[in-house]
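Here the structure is laid out as structure tokens; the discussion comes afterwards.
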């Protein structure tokens, strides 16, 4: 974990008139995460899921978002490995393998649905949605990763961007986002 020297910024900042991440919020979260990471018996545990869900308010002259996001990705990976190691240490490797197997089975069930039918479609026609072909293309890659061990970086899933669709022309954004969060959780625990 990157530790800043006293009085220095851990990340580059955007220009004074541009919006970046709120520096106080970022610093506070990273201090809390560092304390948890370094504690022998951590209290108020931060999980990899907490890191993945972390969001910061925009602020003029704040930290550069891509740099903070990259640091959070690395932090999430470290916490996911700790969680995996803790599960193996306390319940055995079989427990970890069962957990991974259950998660992968749930994900594979959705991935095996026919293209164009993997996720719900919004019922309101003006609701923003994700382009079906873009999402299905990523789903096909994920299926190859899960079933044929095709190489795929967790960062490809984290950084996935889909063209915008409207209403039933696309997949419901929230359902796709929740699914991809589960995929990231699984991949971070495996790799």
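Which of the following residues is closer than 29 Å to residue 13 by Cβ and assigned to a strand (DSSP E or B): 59, 71? Of the residues listed, the single one that is closer than 29 Å to residue 13 by Cβ and assigned to a strand (DSSP E or B) is 59. The set of residues in the stretch 170-180 being assigned to a helix (DSSP H, G or I) and either surrounded by 15 or more Cβ atoms within 10 Å (Cβ to Cβ) or not assigned by TED's automatic domain parsing to the domain that holds residue 118 (or both) consists of 173, 175, 176, 179, 180.
Quick one: would you say residue 146 is surrounded by 12 or more Cβ atoms within 10 Å (Cβ to Cβ) and either modelled with pLDDT of 95 or more or at positive phi (or both)? In short, no. Considering the stretch 110-159 alone, what residues qualify as being touching a residue at least 60 places away in the same chain (Cβ under 8 Å) and assigned to a loop (DSSP other than H, G, I, E, B)? Correct list: 119 only.
The values are calculated or read from the model by the stated rules, or taken from the named source; none is laboratory data. Quick caveat: nothing in here was measured; it's all calculated off a predicted structure. Using ideal geometry, Cβ is built from the backbone for each residue, glycine included, and neighbour counts are taken over all protein chains shown.
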